[in-house]
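Inspection log for the structure reproduced underneath, given as C-alpha cells.
The values are calculated or read from the model by the stated rules, or taken from the named source; none is laboratory data. Quick caveat, the model's predicted, so the values are computed rather than measured. Glycine gets a Cβ as well: all are built from the backbone with ideal geometry, and neighbour counts include every protein chain shown. Only protein heavy atoms, including side chains, enter the accessible area calculation; ligands, DNA and RNA are left aside. Shrake-Rupley method; radii C 1.70, N 1.55, O 1.52, S 1.80 Å.
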Amino acid sequence: TGSSIRDREGRVRYYEGTVEDITQQKLAENELIQYRDHLEELVRERTAELEIAKVRAESADRLKSAFLATMSHELRTPLNSIIGFTGILLQRLGGPLNEEQDKQLNMVSNSARHLLDLINDVLDISKIEAQQLNVFNETFNLRDSMEKVVKSAQPLADRKGIELSSKIAGDVGMITSDRRRVEQILLNLISNAVKFTEQGYVRVQGEMKGDKVIIAVQDSGIGIKKEDIGLLFNAFQQIESGITRKYDGTGLGLSICKKLAHLLGGEIEVESEWGKGSTFRFILPREREGE
C-alpha cells in the first residue's frame with residue numbers, strides 16, 4: 001500500500017507506504033482448506049477408534065463383573081457353613097453352652113450374617129452389570145408381600161425404638177412381577193430408612209394409580225442435602241464417607257434397588273429435606289411385560 005504526501009500548494013513532497021509479508025497467512029489458509037476437506041475422514045477415523053475403545057471397556061467391565069460374581073459365590077459357601085455350624089451350637093445340639101460361649105457364638109453368627117449380606121450385595125450388582133441377573137414374572141398378592149416385609153423389618157425398628165407402620169390402600173392386591181425382587185427392594189428401602197433414623201418413625205404406604213403401583217417409604221431421619229441426592233444411587237459410594245463415618249455399609253443398597261426397579265419396568269424416586277427426613281417412592285407397573 002502507498003500514498004503521496006503533498007505540501008500546501010499540492011506538490012508531492014514524498015511518498016510513504018507499507019509492505020506486509022502474507023506468506024504465513026496464505027499457508028495457514030491453505031492448511032485450513034485441506035483440514036476442512038479431510039474433516040469428515042478424520043471424524044470417521046476418530047469415531048471408529050472410540051467405538052473400539054468403548055467395546056474394549058465394556059468387555060473389561062463385563063469380565064470384572066463376572067469375576068466378582070464368581071468370587072462372591074466362592075465366598076458365600078464357607079460363610080454359609082460358618083452360619084450353619086454356629087446355629088447348631090447355639091441350639092445346643094453339640095452340647096451345653098455357658099453364658100459367655102453363647103454370647104461369643106451369637107457375635108460370630110451376627111458378624112457372619114452381616115458379611116453374607118454385603119457379599120450378596122456385591123453379587124447382585126456384579127450380576128446386574130454383567131447382564132447375568134434374570135427377573136421372572138409371577139402373579140402374586142402385593143399386599144401380602146408388603147405386610148410380610150414390614151413384619152420382617154419390625155425387629156430392626158424395635159431395637160432403635162422407632163415406630164414402624166404401614167398403610168396399604170384397599171385396591172392394592174394382585175400384580176404380575178418378580179415377587180422376590182419386589183420384596184428385596186422394599187426391604188432394602190425400609191432397612192435404609194430405619195438405619196438413618198435415630199428417633200421418630202418409618203411409614204410404609206401402598207396405593208394403586210391407574211396401571212401403576214406406588215409404594216412410599218417415609219422416615220423422620222437425617223434427610224439428604226439437595227446437592228447430595230444425585231450421588232444416592234451410585235454404586236460403591238456413600239454420601240458420608242471416610243473412616244469416621246457413622247453408618248456402615250457398602251453403598252450398594254440403593255444402587256441395586258434402582259437397577260432392579262429398572263429391570264422390573266419401574267423406577268425409584270426420592271424427596272428429602274436435610275435434617276427432616278426422606279421419602280422414597282418405588283413405582284412399579286401392575287403388569288410387568290416380558291417373561
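On a 0 to 90 degree scale, rounded to 10, what angle separates helix 179-195 from the longest Cα axis of the chain?
The angle comes out near 90 degrees.
Of Lys127/Lys209; Lys148/Lys259; Lys148/Lys225; Lys127/Lys160; Lys26/Lys54; Lys103/Lys276, which pairs sit farther than 28 Å apart, going by alpha carbon to alpha carbon? If you can, show how the numbers build up before the last one.
Values: Lys127/Lys209 32 Å; Lys148/Lys259 23 Å; Lys148/Lys225 32 Å; Lys127/Lys160 33 Å; Lys26/Lys54 40 Å; Lys103/Lys276 37 Å.
Over 28 Å Cα-Cα: Lys127/Lys209; Lys148/Lys225; Lys127/Lys160; Lys26/Lys54; Lys103/Lys276.
Could you do me a favour and compute the accessible area per residue for the chain, 1.4 Å probe, result in Å²? Write down the numbers at each step before the final one.
Details: 18790 Å² over 291 residues.
Per-residue value: 65 Å².
How large is the accessible surface of Val55 in square angstrom, using a 1.4 angstrom probe and rounding to the nearest 10?
70 Å²
Order of 166-176, 254-264, 143-153 by packing, highest average Cβ count within 10 Å first? Intermediate values should be presented prior to the final figure.
Numbers: 166-176: 14.5, 254-264: 20.2, 143-153: 17.3.
Output ranking for 166-176, 254-264, 143-153: 254-264, 143-153, 166-176.
Taking only Cα atoms, what is the 0 to 90° angle, nearest 10, from helix 99-129's long axis to the longest principal axis of the chain?
Helix 99-129 sits at roughly 40 degrees to that axis.
Compare Ile88, Ile224, Ile119 in a GNM of the chain, Cα atoms joined below 10 Å, and give the one with the largest fluctuation.
Greatest mean-square fluctuation among the candidates belongs to Ile88.
Note the angle between two axes, namely the Cα long axis of helix 253-263 and the longest principal axis of the Cα atoms of the chain, as a number of degrees from 0 to 90, rounded to the nearest 10.
So the inclination is approximately 80 degrees.
From Cα pairs below 8 angstrom and at least 6 apart in sequence, can you work out the relative contact order of the range 1-157, rounded to a whole percent? The partial results should precede the final answer.
Details: 74 pairs, mean separation 31.2, N = 157.
In percent, rounded to a whole number, it is 20.
Remind me, relative contact order of the chain in percent, using alpha carbon pairs under 8 angstrom and six or more residues apart? Write down the numbers at each step before the final one.
Numbers: 392 pairs, mean separation 39.9, N = 291.
Here the relative contact order equals 14 percent.
Mind ranking 210-217, 110-117, 278-285 by how tightly packed they are, going by the mean number of other C-beta atoms within 10 angstrom, highest first?
Ranking the peptides 210-217, 110-117, 278-285 by packing returns 278-285, 210-217, 110-117.
With θ set to phi - 60°, apply the Karplus curve 6.51 cos²θ - 1.76 cosθ + 1.60 along the range 47-60 and write out the HN-Hα couplings as whole Hz, x wherever there is a Gly or Pro.
Using θ = phi - 60°, the values come out as 4, 4, 5, 5, 5, 4, 5, 5, 4, 5, 5, 5, 5, 5 Hz.
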